[in-house]
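A short worksheet on the structure shown next.
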Amino acid sequence: MNNDKKIAGLYIRVSTEDQAREGFSLPEQEKRLRAMCEYKEYEVYKIYKDAGISAKTGNKRPAFEELLQDIKDKKCNTIVVLKLDRLTRSVYDWENILKFLEENNAYLDCANDDINTTNANGKMISRILTSVSQQEIERTSERTKVGLAGAISSGHIPSRTPLGYKRENKKLVIDETMKDIAIRIFKLYHNGNSYQTIANIFNKEKVLGKTNWYDSTIFGILQNEVYKGDYVQNKKTDHPTYYYDVVPPLIEKEFWEECQIQKKKNTRSFKRHLTYLYLQKLRCPKCNRILGGKATTKKNGTSYYYYYCNDCEFTIKESQIEHSINSIIEELFEYDTVVKQTLLPMIKTKLNNPKDDLIRELNNQTQKFDRIKKAYVNGTFTLEEYEEERKIVETTIQDLELKIKECNDCEELQFTKEDILIKRDINYINRLVYPTEYQENTKCWKDLSRDEQAEYLMSWIDDILLSYDNEKLKVLKINFRNSFFDDLCNLFVSGYVDISRIAIDENNNKLKVRYSEYLPNETVLENLLRLRQFYNVDYYETVYYNENKMIRFEYVDGRQIVRCFPVDEEYSKLGIICINKEEICNISNTNKENVFEYIPCRESDNVFVMKPLSVN
């Protein structure tokens, strides 16, 4: 090839944002470059086109790479471009191109920029122009990032809509028809089920009419911070950006974090043929490691469970643990079944009633059903496609109608926080006065199967700290899961739920009493009036001594304490509700059966029905 003759490789490029700009289209660039080559008497060897690719560092541009290779092979010796920024917008890349041109005795000619790479001044000008182009792209990137950050903060999440959400005005909002499916995935995983197990359950039940649920799908949902209200941009890079509280959460942050911790426990070996109630819960009193589980099964089929630490050669019987914490567990179960699973969800539903959203979505699904029928009649859908779509929509409509009914029931029943305390007091008195009927009407902890007990313990407890001295076991501390304990703690602090405390009577005898925190006098009076619709409860006040976390007070002999509580904010007096078991309880407004099914309302001589409290 004659070194004096300029043989040109015409390089033309557009990025996505450039394609709409006047004068930057590929045909326009080619037309102008051919005219320039004809004017300068350059021989055109080939046209090199990169479409839809920006000039950022790291982008792969096949046509440009081909042009450089042709220059190396001496097929051409001059790069002809419309502007320098068509070639690169990076100072770093431009220095590499200059070095390449020098090493291969090649040149660069720009139609719109007066670039001459054969002398020092020309190279300096080219560097300045490239710096300007690089600054422009960096400023554009900064403006884009700021705009995107603002959009994300206002709920415009730039990703695929997750299960349980939908888009309204481009923002992520909770989809009332789908949210329970997503929440169920987290609960199943939290209870020890693997990704594959959850996918198998959903395929068997044909959730959403699908049989193609995969473990990777479940994994993606469980890893998504959106479900706790947050969003992570560029999550898979070294520099992700975290946005807090940008969408409505489906689950509590604590519960989401617990599910991430659960990954360490949900191994294939976690599911066993024998059910260990406290597996992954007990810590060695010597080294603080989690204890393993083992069991022996006798010829009669009875299994005995043990927990051990190999390093410390330490073993304890499961029965010892049960003996130490059984009373606490029974109280937690009573709280969970009566309050957390029954009353509290209804109270929360009442406070955050989604009825209007549900009705709106029901109308949407009904209209969708009409469109599906029309599509089938018009031949758009085959019979098989129609049946598949029909089943999905009908299932969604049935779920919505059920939820709307639940909202209506909630509005009718009008449960409040005060009802929690009333129901627990009545339950306690029922157990004293009608022990046989109480056992028949109430599902207790001992009535559960081992699998059911293990599931409850999994949802309540993180771990249990033990001490073991002179072959005597002591439970030092039970660390409860935040997702369970927070509601209980908040209700107790605000005075609407009780806990067991040790009290000392005037004869220095220890006894266990139900204790709740301070409530205003008018609330206490209202509770008493409501209880007296069912039972002849007494009330009196005494001096309150709280020593060493024990309650010391005087009380009347022969009476059973129902509940005690501070009656002033200074905690100087103690209010006591009690009942005399020897007296026949005067149930003036209802009969024996009704005390297990009803709770008294605020209006005298009236009661309202309570939903069944049995555990499903």
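The values are calculated or read from the model by the stated rules, or taken from the named source; none is laboratory data. What you are looking at is a predicted structure, and each value in this text was computed from that prediction instead of being measured. A quick note on method: Cβ atoms are made from the backbone with ideal geometry, for glycine too, and the neighbour counts reach across all protein chains shown.
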So, in segment 427-441, how many residues would count as being surrounded by fewer than 16 Cβ atoms within 10 Å (Cβ to Cβ) and not hydrophobic (A, V, I, L, M, F, W, C)?
6
Boolean, residue 532 is more than 19 Å from residue 501 (Cα to Cα) and modelled with pLDDT of 70 or more
yes
Output the number of residues of segment 420-443 satisfying the condition of being touching a residue at least 24 places away in the same chain (Cβ under 8 Å), farther than 18 Å from residue 498 by Cβ and out of contact with any helix residue (DSSP H, G or I) (no Cβ under 6 Å at 6 or more places or on another chain).
4
Take residue 208 and tell me if it is in a helix (DSSP H, G or I), at positive phi and at pLDDT 70 or above.
yes
Tell me which residues, restricted to segment 439-471, are among the aromatic types (Phe, Trp, Tyr), more than 25 Å from the chain's Cα centre (by Cα), assigned to a helix (DSSP H, G or I) and modelled with pLDDT under 85.
none
Restrict the check to segment 504-521 and report whether at least one residue is aliphatic (A, V, I, L, M), under 18 Å from residue 417 (Cβ atoms), modelled with pLDDT of 85 or more and not in a loop (DSSP other than H, G, I, E, B).
no
